[in-house]
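The values are calculated or read from the model by the stated rules, or taken from the named source; none is laboratory data. Fair warning: this is a prediction, and the values are worked out from it, not measured in the lab. Cβ placement follows ideal geometry from the backbone for every residue including glycine, while neighbour counts extend to all protein chains displayed. For the accessible areas, the whole protein counts, side chains as well, though only heavy atoms, and no ligand, DNA or RNA atoms are used. Shrake-Rupley method; radii C 1.70, N 1.55, O 1.52, S 1.80 Å.
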Amino acid sequence: MLRMEGWKRVDADPSPMEHLEQSRSAAEQPQQDPQISSSLALSHKMASTFVFFFPSLLVFFLFSISTTISSAPILGLDSFLSHQSQIDPIASNDTFLSLPSHLKKSLSDPPPPFTSSLLLSLSISVPIHVILVGSFPSDGPQLLSSFLSSAHSSDLFHVISPPSQSHHHLSVRHSLHLHPSSSPTSLSSQLFAAIASHLSSSPSPLRSTFQSVPSSAVDRLIKQDFDARQPVGGVHIYLLNLGSQSKPYAYSYTDGDSSPAFTRCSGTLWTAKDRYIWIDLGAGPVDYGPAISGDGLLPRGEFHSLAALHGRPKSNKALFADAASLVWSAYQVLLVPSLRIPVYFENSLLVQFIHVYGSDGRDSRGLDWNSIEKTFMDEVRGGGLVFGVQSLQFKKYEVAISQCPLCSFAISRSMNFYTSRFLFDNYTLIVSEYLDSKRLHQILSDSAEGLKRSVGIQDEEFGTVLPVYVFDLDYDKLLLLDRYHQAVAFKDMVIAVRTRSAQTVSDYNCNGRHVITQTRELERPLVGSILQSMWGVSPTHLSWSPRHNSTLLDYTWSVGQTPFGPFSESMSLSFVQKDAAKRNVLLTALNYTITSGVEVLDSIAVHGGRSRLLRHNRHVEFVQRWNLFKYKLDKVISAMSHLDYDQAFYFLKSSDHDLFAIHSLVYQASQELEASLVCFKDPPFPWVALSVSVGILFAFFYVYAKRDRVFRNKRKQF
């Protein structure tokens with residue numbers, strides 16, 4: 001007989017570029033949670049068997065496992081790669097080709113078993129320093145650690161709007177690394193004195209239940225403490241418990257007080273430009289969120305964590321349970337937020353402002369293009385938002401709506417109506433208009449070439465081009481996008497609209513008053529929308545929940561220094577938005593790299609394993625390439641854990657060369673495979689088994705024939 005040991009046909013194997021293209025499509029469908037490899041499971045089983053009798057042996061055994069799985073440092077490789085990053089910061093050259101022979105020899109050691117769990121288990125550690133300021137018990141740091149350690153588990157990064165037919169998570173994990181501590185009493189004394197001084201010198205407000213204290217009065221002192229703690233890495237969260245003041249107070253973020261025509265939303269927290277957050281548990285209590293109905297409300301009562309010190313007295317455990325809840329919420333929403341969309345790296349970024357104005361002319365009040373551009377370019381010059389090898393440009397175009405028939409058609413075609421009831425003398429039915437943003441987006445996308453000709457936009461060589469359409473209409477009534485929004489961000493454009501109507505009462509409430517939206521002012525909504533479309537930065541009130549399988553709303557962090565949400569008036573960016581812009585690009589690329597690496601391992605397994613697929617010379621180069629590839633990925637994770645995104649970018653770009661070389665090696669080896677026939681002898685006839693079976697069958701029939709004698713009736717005979 002013949003047994004066929006065949007491989008796939010030679011012409012059925014894709015080329016290296018096709019491998020990478022398939023991996024890119026697979027990167028949009030991130031992998032499921034990794035499973036433990038068989039060798040690791042066997043090791044744990046052996047350790048658990050002997051743990052009772054040999055505890056010291058167990059410790060040694062587990063240590064040996066951890067050192068085997070993690071990449072051991074290679075002497076001289078770090079310095080070599082650091083030197084390469086200085087002379088080639090964009091990683092355009094393949095570092096493997098210039099490796100010294102002794103480093104290649106060090107990379108030739110056989111790696112641990114090639115399993116996808118080695119790649120899918122990569123986890124970014126996020127260091128958080130929680131500083132307790134004020135009257136906290138001495139065991140506060142221990143209580144905070146115990147609550148967070150019991151509640152925390154490693155989780156995946158999520159995407160709110162993934163590509164079609166994709167999962168809402170990436171293949172990269174994150175974990176919280178907590179460092180709680182108490183601050184010196186001098187800081188709490190200075191903060192208490194600063195607040196008390198402002199309260200004593202300011203008159204009591206007429207329209208508010210608490211006194212407004214400028215956030216800058218407290219932030220100035222906390223920034224001094226933060227600067228004194230440097231160069232400690234990570235994010236610092238200051239929890240303030242400064243004791244009771246003479247008046248209830250909350251923090252204001254802009255100049256001026258609230259009035260019937262202007263809403264100033266006060267809060268109890270602040271996210272700074274540097275990597276620190278402070279939360280005053282004694283301020284407030286404040287409330288903001290939907291006014292009529294909806295999710296995400298921050299209530300005034302004592303049940304929200306921001307009001308932990310208000311209401312009935314609480315035990316230490318109850319207090320720190322609320323504090324741990326705040327820290328956990330800040331970690332999820334601000335430090336590892338969901339990606340709005342996947343963002344791919346491009347060298348050049350271009351934002352096109354396209355202002356479609358009416359007959360009233362170019363009214364720049366509330367639409368200062370230079371101010372919007374300055375917000376982004378100041379951060380770029382400070383090293384934020386983009387990597388050193390990227391460029392960001394802004395260009396402005398203007399066109400009258402009378403000279404753009406496509407613009408008029410898009411507006412008229414997207415107009416919709418809705419009804420609502422208002423109680424005047426009696427219930428009255430009101431009909432209002434709004435623009436359907438999805439229909440408007442579809443029309444603008446389909447008519448992109450015609451719009452370019454109408455506006456006068458020339459085709460240019462840019463990696464990512466984001467058009468920002470602003471429709472400045474001659475319309476006296478209120479007209480918003482989808483009834484509620486001044487600007488809406490899409491993956492490929494931003495759309496904003498305004499009319500002659502100056503303000504409206506929104507469906508949001510802040511500290512007992514309805515939020516008045518200034519509909520002519522578009523700078524802050526446009527800044528937030530550009531962040532979403534260009535860098536995939538999620539609004540501070542949106543996050544993806546895998547447990548609910550939907551997007552959750554929570555407006556807790558939507559006050560202060562954020563361009564998102566209806567409660568903030570700030571255009572400036574905090575470290576939350578600046579870090580998210582770079583991190584999102586890295587996470588998208590890292591997810592693609594991991595998925596592509598897993599596909600290489602699957603391809604090797606399909607072809608019978610690396611010992612069968614790769615010959616000696618290719619096997620040595622494959623092992624060297626794989627060890628260098630895994631080493632660079634570990635450096636990417638380490639750099640992102642230290643919040644050094646530029647270094648992580650270099651190692652990630654450099655690993656692309658090794659990944660492509662690995663694909664090429666597998667492809668070339670698969671081209672040389674040929675189907676083979678292996679002959680083997682027929683097995684001998686099973687005489688022994690047949691004899692035993694016949695004997696058992698004969699015994700059964702014998703017993704059955706003699707059943708009357710064998711199983712005689714033993715009943716008594718009379």
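So what does the Cα-only Debye profile of segment 313-395 read at q = 0.27 Å⁻¹, as log10 I(q)/I(0), no solvent term?
-1.25
Any idea of the accessible area per residue across segment 99-233, 1.4 Å probe, to the nearest Å²?
Computed with neighbouring chains in place, this is 47 Å² per residue.
In terms of solvent-accessible area of protein heavy atoms at a 1.4 angstrom probe, what is the ranking of 399, 606, highest value first?
606, 399
Too long at a 32 Å Cα-Cα cut-off: which of 223/395; 223/491; 247/314?
Beyond 32 Å between Cα atoms: 223/395; 223/491.
Dividing the convex hull volume of the Cα atoms of segment 598-672 by its residue count, what figure in Å³ per residue is obtained?
76 Å³
Going highest first, how would you order 326-336, 473-483 by mean Cβ packing within 10 Å?
The packing order, highest mean first, is 326-336, 473-483.
So what are the three principal axis dimensions of segment 509-668 from its Cα atoms, in whole Å, longest to shortest?
The Cα atoms of segment 509-668 stretch 75, 33, 26 Å along their principal axes.
Residue 706: which lysines have alpha carbons under 20 Å from its alpha carbon, excluding same-chain residues fewer than 8 sequence positions away?
Of all the lysines, those that pass the test against residue 706 - Cα under 20 Å, at least 8 places apart if same chain - are 714.
Go through 311-319, 510-518 and give me the packing order, highest mean Cβ count within 10 Å leading.
510-518, 311-319
Would you mind getting the Kirkwood hydrodynamic radius of segment 188-247 from its Cα pairs, rounded to one decimal in Å?
Taking every pair of different Cα atoms in segment 188-247, averaging 1/r and inverting gives 13.2 Å.
What's the percent breakdown of Cα-Cα distances in segment 487-593 across 5 Å bins, shortest bin first?
P(r) for segment 487-593, in whole percents per bin: 2, 11, 17, 23, 21, 14, 7, 3, 2, 1.
Determine the distance separating the Cα centre of segment 263-314 from the Cα centre of segment 565-582; give it in Å without decimals.
18 Å
What number, in nm² with one decimal, is the all-direction average of the projected area of the convex hull of the alpha-carbon atoms of segment 576-616?
Approximately 3.6 nm², given one-decimal rounding.
Could you check how much of the accessible area of segment 563-618 is carbon and sulfur, as a whole percent, using a 1.4 Å probe?
Result for segment 563-618: 48 percent of the exposed heavy-atom area is carbon or sulfur.
Using a 1.4 Å probe on the protein heavy atoms, what percent of the accessible area of segment 355-492 belongs to carbon and sulfur?
48 percent
Under a 1.4 Å probe, what is the accessible area of segment 368-454 per residue, stated in Å²?
Value for segment 368-454: 58 Å² per residue.
Straight distance only, please: which lysines reach the Cα of residue 477 with their own Cα at less than 23 Å, same-chain residues fewer than 8 apart left out?
Within the straight-line limit of under 23 Å, residue 477 reaches these lysines: 438.
On average, how much area does the Cα convex hull of segment 365-463 cover when viewed from any direction, in nm²?
Averaged projected hull area, Cα only: 10.5 nm².
What span do the alpha-carbon atoms of segment 422-554 cover on each of the three principal axes, reported in whole Å from largest to smallest?
60, 44, 24
Using the alpha carbon gyration tensor of segment 148-206, what are the three equivalent-ellipsoid semi-axes (square root of 5 times each eigenvalue), largest first, in whole Å?
After diagonalising the Cα gyration tensor, the semi-axes are 45, 22, 8 Å.
Could you name the lysines in cross-link range of residue 635, using Cα to Cα under 16 Å and dropping any fewer than eight places away on the same chain?
Cα-Cα hits under 16 Å: 653.
Given a 1.4 angstrom probe, what's the average accessible area per residue across segment 258-361, in square angstrom?
Heavy-atom SASA per residue in segment 258-361 reads 36 Å².
Quick one: the Cα spread of segment 119-253 along its three principal axes, in angstroms, biggest first?
Between the extreme Cα coordinates on each principal axis of segment 119-253 lie 59, 38, 28 Å.
So if I take the alpha carbon set of segment 209-347, get Rg, then get Rh from the Kirkwood formula, what is the Rg over Rh ratio?
0.99
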